Amino acid sequence: MQTMPIAIMHPYPLVLGALSSLFNASDKFRVVHICLDYEQLISAVGISHVDFAILDIDAYVLDEHVQNMIRRLIFIRPRIKVVLYTDKVMGDVINVLKQVGVAAIVSKKDMPEELLCACEQILLTNEFYLSANIKEAESAAGDVTFGLSNKEFEIIKLVVSGYTLAEIAELKNRSLSTISTHKYNAMRKLGLNSNTELLKFAYENNFFQSIISE
């Protein structure tokens, strides 16, 4: 039976070895290139035919630069199936990556065998694939209030926007103690202990973008 050639990119040689063993043990795939970085991957794919490329990429660097690298990879090998192995991806980024040409996204919370499963499913259905943990993260991100009540969420957004609790109380025509209680309950539900942590949480979850768009 003919096997599909695969290239794997990961910064750690031990992980490269483990993933190579995983795919080479399959009767559907064979690893023909192991690469420590993107430039090695581009060079390898340019030299020989590859059907699948497994890329380990941290979510915080899934920016325009990475998207352009993926476009370049697909430009060199138009039929290549790009599978991303990452830690966390927001829903809007998933849609962008799909449009760029990514065939599958697998979470690092999944077992490595999920990468093999993703490739097998792509062979079978030729449809965009998300691992269970990526789907779960995407679903959680769809809950735009993060488990907060509407009032709690509104107060938090105003705090993040720079309003003091006194200003919010005047704006909402509520007592300062009521506003303080809403903020306290929201912080407790979010597991946050300070305004610094709140601002960090807001930045990581695109609060500012939602505020701007309102």
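Annotations for the structure displayed:
- Of all lysines in the structure, the ones whose alpha carbon falls short of 28 Å from that of Lys109, not counting any fewer than 8 places away in one chain, are Lys28, Lys81, Lys88, Lys98, Lys135, Lys189, Lys200.
- Debye, to nearest 20: dipole size of the chain, +1 on Lys, Arg Cβ, -1 on Asp, Glu Cβ: 160
- Heavy atoms of the protein chains alone define the surface here; on that basis the chain has 56 Å² accessible area per residue at 1.4 Å probe size.
- The listed residues Leu192, Leu14, once ranked by accessible area (1.4 Å probe) with the largest placed first, stand as Leu14, Leu192.
- Across the protein chains, with a 1.4 Å probe defining accessible surface, the residues Asp63, Asp110 rank Asp63, Asp110 from largest area downward.
- Matching label, Rg/Rh (Cα atoms, Kirkwood Rh) computed from the structure shown, candidates (i) 1.12; (ii) 1.00; (iii) 1.03: (i)
- Think of the chain as having a plus end and a minus end, set by charges on the Cβ of Lys, Arg, Asp and Glu; of Tyr129, Thr164, Gln40, Thr164 sits farthest toward the positive end of this dipole.
- Share of carbon and sulfur in the accessible heavy-atom surface of the chain [1.4 Å probe, %]: 54
- Relative contact order (%) - criterion: Cα under 8 Å, at least six apart; region: the chain: 13
- Candidates Gly17, Gly162, Gly147: whichever shows maximal mean-square fluctuation once the chain is modelled as a Gaussian network with Cα springs under 10 Å: Gly162
- Among Ile54, Ile134, Ile76, the largest mean-square fluctuation in a Gaussian network model of the chain, built with springs joining Cα atoms closer than 10 Å, belongs to Ile76.
The values are calculated or read from the model by the stated rules, or taken from the named source; none is laboratory data. Remember, it's a predicted structure, so these values are computed and weren't measured experimentally. FYI the Cβ positions are ideal-geometry reconstructions off the backbone, even for glycines, and counts take in every protein chain you see. SASA here: full protein model, heavy atoms, side chains in, ligands and nucleic acids out. Shrake-Rupley method; radii C 1.70, N 1.55, O 1.52, S 1.80 Å.
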